[in-house]
Amino acid sequence: MSTEQLIHTRSTALFVPQLVYFEPDAMLYPKGKRILEWAQSQDLPIHMTTSHNRITNLPGETDLEKYRISKRTLVVGIRKTLKFDTSKPSAEYAIPIATGCMGHCHYCYLQTTLGNKPYVRAYVNTDDILKSAKDYIEERAPEITRFEAACTSDPVGLEHITGSLKEYIEFMGKEPLGRLRFVTKYHHVDPLLDANHNKHTRFRFSVNSDYVIKNFEPGTSRFHERIEAAGKVARAGYPLGFIIAPIIWYEGWEQGYEELIVKLHDTLPKEALEDLTFELIQHRFTKTAKNIIERRYPKSKLEMDEAKRKYKWGRYGRGKYVYPDEQAAALREFITEHIFDKFPAAKIEYFT
Ligand code: SF4
């Protein structure tokens, strides 16, 4: 068997943490109990913690080792803040479900936003969270309210442990004015296929050129697995979307992104084409992110040369480095044209 064939037959495994922490009160919730039983059935080391925001003494000799172990640590707790952040441009609000991710995408903005708490936190009080979502929906009625569930995590990658995403999908399925959306790089979609979604959830996959996936997305499902999963999701009647992010300028990017769009077109079933959206996000970084990424992935080929970028001022004076206008326009035009060529009925929601 060739290496290529081997890569295509080996399936990305479900996430199993190395360590599990519980807030004592989390075990009073049915979801907390279920996760505890699951962790015991897997023979995982279980510890207690007073707060899911304060895990200290994680094992590891060096900072890098500690970071790697944190990414494989699951902390089960109660979400106390039930006030949702806004989530432009993809939705009105970010709905909390989990914080942290086991993936190792070099460019991931969680590197910065989670700082020194990169461990994976799962919340057990989903009823409280959904009650809060209902209040937000009522507040905006008769407008539709969209909730993004992947702002701080990749919820599909945790679904076999928490089951939360299915609850959110079914909740929104019953809400005439509520919509859910999330994005994933994992292909473990089977538990979600029979959910009563009522087409109120847009299931999106993050995709990229081969070069980007191979070089910058370790620890996530491979492209062919994501596409296969996208086909299943479309056949289950979900509205489907793709986020091409981050769009990276590298030697040969035109060929890479053209191939991506052709492969999407050639592998997707016709059901997927009925209600398809694309979101396009160019690569950006902050100075802080650059420092962290260089420490955590010292061999990364991710280009972060400030001299080659344009500085874009942001809120609270915190800006980021994006591609200069001419490059951004070239990326946008090229990818947009190819999408419209292959998917004339698709909607491109934004390029940012
Ligand atoms: Fe970050 Fe998404 Fe990669 Fe997880 S899968 S590390 S959330 S970019």
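The values are calculated or read from the model by the stated rules, or taken from the named source; none is laboratory data. Remember, predicted model here, so these are calculated numbers, not experimental data. Every residue, glycine as well, gets a Cβ built from its backbone with ideal geometry; the counts of neighbours run over all protein chains shown.
What to note about this one:
- Of the candidates E148, E170, the single residue that is buried (at least 23 other Cβ atoms within 10 Å of the Cβ), modelled with pLDDT of 95 or more, under 24 Å from L273 (Cα atoms) and of a type in the set (D, E) is E148.
- Looking across the stretch 226-257, the residues that are of a type outside the set (A, V, I, L, M, F, W, C), outside any loop (DSSP other than H, G, I, E, B) and either buried (at least 20 other Cβ atoms within 10 Å of the Cβ) or in contact with an Asp or Glu (Cβ under 9 Å, 6 or more places away or on another chain) (or both) come down to R226, G231, K232, R235, G241, P246, G256, Y257.
- Wholly within the stretch 60-168, helices (runs of 4 or more DSSP H) carrying at least 2 residues that are within 16 Å of the ligand (Cβ to nearest atom): 63-70, 110-113, 159-162
- Residue check, E333 among the acidic types (D, E) and over 24 Å from K88 (Cβ atoms): no
- Any hit, the stretch 324-331, residues being under 17 Å from T113 (Cβ atoms), in contact with a Lys or Arg (Cβ under 7 Å, 6 or more places away or on another chain) and free of Cβ contacts under 8 Å to residues at least 24 places away in the same chain: no
- Residue in the stretch 260-267 that is modelled with pLDDT of 95 or more, within 16 Å of the ligand (Cβ to nearest atom) and β-branched (V, I, T) present: no
- When the stretch 269-285 is limited to residues that are outside any strand (DSSP E or B) and of a type in the set (D, E, K, R), the one that is nearest to I335 (Cα to Cα) turns out to be R284.
- Candidate set from the stretch 186-225 (those that are assigned to a loop (DSSP other than H, G, I, E, B) and surrounded by fewer than 17 Cβ atoms within 10 Å (Cβ to Cβ)); member that is nearest to the ligand (Cβ to nearest atom): G219
- A single entry from E294, E349 fulfils the requirement of being farther than 30 Å from R179 by Cα, surrounded by fewer than 19 Cβ atoms within 10 Å (Cβ to Cβ) and of a type in the set (D, E): E294.
- Residue selected from the stretch 169-185 under the condition of a type in the set (K, R) and more than 16 Å from the ligand (Cβ to nearest atom), by the criterion nearest to Y136 (Cα to Cα): R179
- Filter result for I95 (without any contact (Cβ under 8 Å) to a residue 60 or more places away in the chain and aliphatic (A, V, I, L, M)): no
- The stretch 260-286 - residue that is touching a helix residue (DSSP H, G or I) at 6+ places or on another chain (Cβ under 8 Å) and closer than 28 Å to Q111 by Cβ and, of those, surrounded by the fewest Cβ atoms within 10 Å (Cβ to Cβ): T286
- Residue match in the stretch 286-305 (condition: under 30 Å from P118 (Cα atoms) and assigned to a strand (DSSP E or B)): no
- Hits in the stretch 310-344 - residues which are aliphatic (A, V, I, L, M), surrounded by 14 or more Cβ atoms within 10 Å (Cβ to Cβ) and either part of a helix (DSSP H, G or I) or touching a Pro at 6+ places or on another chain (Cβ under 7 Å) (or both): A328, A330, L331, I335, I339
- For the stretch 27-46, the set of residues classified as within 24 Å of the chain's Cα centre (by Cα) and not basic (K, R) consists of G32, I35, W38, A39, listed by residue number.
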